[in-house]
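Visitor: This is the structure I have questions about; it appears just below.
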Amino acid sequence: MKWTLEEAQKQLSLIINATNQEPQLIYTQEELVAAVVDPELFQEFLTWRRQTAKKSLAQVFQELQQLCIQENYSLDIPARSDRYNPFIGDENE
């Protein structure tokens, strides 16, 4: 059901009770500003949001690091060495 902000302020308990039937939408001048929903529906939304959230690169690397620790895996990194750079000239000069 649609409510104006003024109606919603006056009828808050009625709005909360009506959420078990359908979400209650609150508008100001034809713009949706709030939606009051049933707590179970909101929990379903939060669960869906957690499941579909994309992981950041930092989170993926942290998971990889934990796997390496659990498997006692270490990555052998070769020692750094200088190599010829044609832009700075001959190394022997």
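Computed from the coordinates by the stated procedures, all read-outs in this text should not be read as laboratory data. Just so you know, these numbers come straight off a predicted model, no measurement behind them.
Visitor: Would the chain count as rounded, prolate or oblate if I go by the C-alpha gyration tensor, calling it rounded below 1.5 in a/c and otherwise prolate when a/b exceeds b/c, oblate otherwise?
Guide: oblate
Visitor: Among DSSP beta bridges lying fully in the chain, give the percent that are antiparallel, nearest 5.
Guide: Percent antiparallel among DSSP bridges in the chain is about 60.
Visitor: Now, a different point. From the helices alone, meaning DSSP H stretches of at least four residues, give me the mean residue ellipticity at 222 nm for the chain, per-run term -39500 (n - 2.57), in deg cm²/dmol to the nearest 500.
Guide: Dividing the helical sum by the residues of the chain leaves -13000 deg cm²/dmol.
Visitor: Just tell me which lysines come within less than 27 Å, Cα to Cα, of Lys2; anything on the same chain fewer than 8 places away is out.
Guide: Of all the lysines, those that pass the test against Lys2 - Cα under 27 Å, at least 8 places apart if same chain - are Lys10.
Visitor: Using amide H atoms built 1.01 Å from N in the peptide plane, name the residues 5+ places from Thr4, or on other chains, whose amide H lies under 5 Å from its own.
Guide: Tyr27
Visitor: Can you give the angle from 0 to 90° between the axis of helix 39-52 and the longest principal axis of the chain, with both taken from C-alpha atoms, to the nearest 10?
Guide: For helix 39-52, the angle is close to 20 degrees.
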